Protein chains: 2
Amino acid sequence: MARPKQYNPDTALKNGMETFWHKGFDATSMTNLVDATGLKPGSLYGAFGNKRTFYRKTLEAYAEQMVTQLDEVLTQERPALETLEAFYAFFLNFCVDTPQGCFMVNALFDADIDDQEQLTHIQGLFAQMEQRLKTFFEKAVAEKVPLVSQDPDMLAKIVMTHIYGLRGFAKYRPDQLAALPERLLAMLLCMPTEIHCDPPEK
Amino acid sequence: MARPKQYNPDTALKNGMETFWHKGFDATSMTNLVDATGLKPGSLYGAFGNKRTFYRKTLEAYAEQMVTQLDEVLTQERPALETLEAFYAFFLNFCVDTPQGCFMVNALFDADIDDQEQLTHIQGLFAQMEQRLKTFFEKAVAEKVPLVSQDPDMLAKIVMTHIYGLRGFAKYRPDQLAALPERLLAMLLCMPTEIHCDPPEK
DNA sequence: ATTGTTATTGAATGACTGTTCAAATTTTGC
DNA sequence: GCAAAATTTGAACAGTCATTCAATAACAAT
């Protein structure tokens, strides 16, 4: 029918995502995106609209990736306690592997509070993650895992604060991050970790 | 000796701080700062150097304010448990009163990971806060408050993640924030809150 | 008054911003 | 081979960016 695209839209999206992820929206220029994707301005606008909509699309792609990975961890068949351990271990690795932070968390903090549309969009992406956590905790509570709360809703919220909290700490002191996730998990399980670990007195 | 300043440098700093705080570094233009401070470009550069150094100075002023307020909460003479309650209550209020977030936390997430100088600066500001928390927890541990850990260092780190975590959650779901601080505190105290609050069975 | 010093002013700078568009190019269907 | 449709190209647009600076003004000391 017509001339086919010479570029791969998925690759272009991924390259744009990495640029926005690394630098943030404001610090990323269209020139950066032209360089990163290899597309000329006209093609970029044709494929993704303007800078904001391109940003939005990369963020959506990122969120989808994240939810997929979260599902992989949360829906494996195993005791809920093991799943929780796996989740916190996974998240620690993720923080270590991505010193530029989490694209979604960065986007949340970067978002202009006067831009309600953008804010609502990001909140919606996080709400998907919270929903998965809540569903998981419904099972965990039924399994009688000794959690700090019996309310799946509250537990999901607490884990959300752990996500934000660990991402902040990872940027503040990446070298001291390693021990924290297991501690937060222990607190979620209401276990004063040290009591179990103290060497026995002579 | 010479012509005196017509403006108040402290006021100008405060106005600049509010602008950077609200919009972030990149989204703030020199024109914004000229408008906010009332100073003409030449005066602004004369007083605060360039945009980056102005930003840095406003951030330092903010951090000093914060440390002062933190000290007020942490060094009051009272049982450590009450101080902890006061701290989490204070922080909740602070989050509600500042929907634009915490300037320091915003700055941390905004910071370019390739700009080591800026990152080190921000880390130093947070390190001051962590130090105060650690000192407080040394007293609290000595007081035998039933904390999740006996290590003041670890406790301070946990509270730092709570700060980042609550700030993230406050931007994600401001309407759901209210119940969280007390829950995080309960976890720090190793108290499964609901067990105490469940209505007695008939 | 004059001089030295500092502050104020605002126009000007050159670089970079996001975005557009008409021309050129490449394909498919006939 | 021709027409229709879609993509590519990159120059051009008007606007904004951070920053500079020479001219002007206001003070203190002499």
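The values are calculated or read from the model by the stated rules, or taken from the named source; none is laboratory data. Since we're looking at a predicted model, the values are computed, not measured. Here the Cβ positions follow ideal geometry from the backbone for every residue, glycine too, while neighbour counts run over all protein chains shown. Areas reflect the complete protein model, heavy atoms only, side chains present, ligands, DNA and RNA absent. Shrake-Rupley method; radii C 1.70, N 1.55, O 1.52, S 1.80 Å.
Observations
- Positions within the range B:93-111 being open to solvent by 20 Å² or more (accessible area, probe 1.4 Å), touching a residue at least 24 places away in the same chain (Cβ under 8 Å) and farther than 21 Å from A:PRO99 by Cα, in sequence order: B:VAL96, B:PRO99, B:GLN100
- Scan of the range B:114-150 for residues that are at the interface with chain A (Cβ under 10 Å from one of its Cβ atoms), touching a helix residue (DSSP H, G or I) at 6+ places or on another chain (Cβ under 7 Å) and either in a loop (DSSP other than H, G, I, E, B) or open to solvent by 30 Å² or more (accessible area, probe 1.4 Å) (or both), ordered by number: B:GLN123, B:LEU147, B:VAL148, B:SER149, B:GLN150
- Among (1) near DNA strand C (Cβ under 10 Å from one of its atoms); (2) within 14 Å of another protein chain (Cβ to nearest Cβ), the one test that B:LYS5 misses: (2)
- Residue in the range B:8-27 that is among the hydroxyl-bearing types (Ser, Thr, Tyr), closer than 30 Å to B:LEU180 by Cβ and under 23 Å from the mean Cα position of the chain (by Cα) present: yes
- Residue check, A:VAL34 within 16 Å of DNA strand D (Cβ to nearest atom), modelled with pLDDT of 95 or more and either touching a Gly at 6+ places or on another chain (Cβ under 6 Å) or of a type in the set (A, V, I, L, M) (or both): yes
- The residue that is nearest to B:ALA127 (Cα to Cα), counting only those in the range B:43-91 that are away from DNA strand D (no atom under 16 Å from the Cβ) and among the β-branched types (Val, Ile, Thr), is B:VAL67.
- Any hit, the range A:69-79, residues being modelled with pLDDT of 95 or more and either under 12 Å from the mean Cα position of the chain (by Cα) or within 16 Å of DNA strand C (Cβ to nearest atom) (or both): yes
- Scanning the range A:14-63 for residues that are more than 10 Å from DNA strand C (Cβ to nearest atom), among the charged types (D, E, K, R) and in contact (Cβ under 8 Å) with a residue 60 or more places away in the chain gives A:ARG56, A:GLU60.
- Just one residue in the set B:TYR7, B:TYR45 is more than 20 Å from A:GLY24 (Cβ to Cβ), in contact with a helix residue (DSSP H, G or I) (Cβ under 8 Å, 6 or more places away or on another chain) and among the hydroxyl-bearing types (Ser, Thr, Tyr); that residue is B:TYR7.
- Of all the residues in the range A:69-92, those that are open to solvent by 70 Å² or more (accessible area, probe 1.4 Å) and among the polar types (S, T, N, Q) number 2.
- Filter pass, A:LYS40 being at pLDDT 95 or above and near DNA strand D (Cβ under 9 Å from one of its atoms): yes
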